Amino acid sequence: MPSILDRILGRKPAEKTAAEAAKVTEEAAAKRREELAAKQKAAEDARKAFEAAEAARVAAQKAAQTTTGAAGTIGAAASAAAAVLTGKEYVVVSGDSLSKIAKEQLGDAKRWPEIYEANKAVIGDNPNLIKPGQKLRLP
């Protein structure tokens, strides 16, 4: 039973406040779990979309190489020209380097300086320091 002083000051019994604190803590934890699940789902959806786009890109690249035969260099140059016209972007993933991106996207690893020059504002002063998630504009 609360004392007269507790009643005058509006204090609640200790067991009531502990139960309310536990309820608030559980509600906050449930909210954090829901937010985490939503973030994980968004990340998984983004990963799946990236993998689908990457698979389509690789398939298109293989198709271009097999249909052009000896003119593969011409096909790579044409795809690079198309990238300039469309303003194609590339999202850096773990393990990427500018030369690897240049080889995969432009057909020639030696074209990495073109990617660097087009993205100095994003990459910074060190072309060897690209980070996963950076969006690079391809020349």
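The values are calculated or read from the model by the stated rules, or taken from the named source; none is laboratory data. Quick caveat: nothing in here was measured; it's all calculated off a predicted structure. Every residue, glycine as well, gets a Cβ built from its backbone with ideal geometry; the counts of neighbours run over all protein chains shown.
Taken together, the residues in the range 85-139 that are assigned to a loop (DSSP other than H, G, I, E, B) and either aromatic (Phe, Trp, Tyr) or more than 24 Å from residue 51 (Cβ to Cβ) (or both) amount to 8.
Only a single item in (1) modelled with pLDDT of 85 or more; (2) of a type in the set (A, V, I, L, M, F, W, C); (3) part of a helix (DSSP H, G or I); (4) surrounded by 13 or more Cβ atoms within 10 Å (Cβ to Cβ) is not met by residue 80, and it is number (1). Scan the range 93-113 and report the pairs whose first residue is more than 18 Å from residue 59 (Cα to Cα) and whose second residue is of a type in the set (Phe, Trp, Tyr) and in a helix (DSSP H, G or I), with Cβ atoms within less than 7 Å and a gap of 6+ or a chain change. Listed by first residue and then by second, the contacts come to 98/112; 98/116; 99/112. If only one of 31, 39, 88 is modelled with pLDDT of 75 or more and closer than 30 Å to residue 118 by Cα, which one is it? None of the other options fit; the residue is 88. Cβ separations smaller than 9 Å between residues 6+ apart or across chains give the following pairs from the range 43-59 residues that are within 17 Å of residue 107 (Cβ to Cβ) to residues that are in a helix (DSSP H, G or I): 57/104; 57/105; 58/104. Being among the basic types (Lys, Arg), surrounded by 14 or more Cβ atoms within 10 Å (Cβ to Cβ) and at pLDDT 85 or above is a description that does not apply to residue 135. Restricting 101, 115, 123 to those that are β-branched (Val, Ile, Thr), closer than 20 Å to residue 46 by Cα and at pLDDT 90 or above reduces the list to 101.
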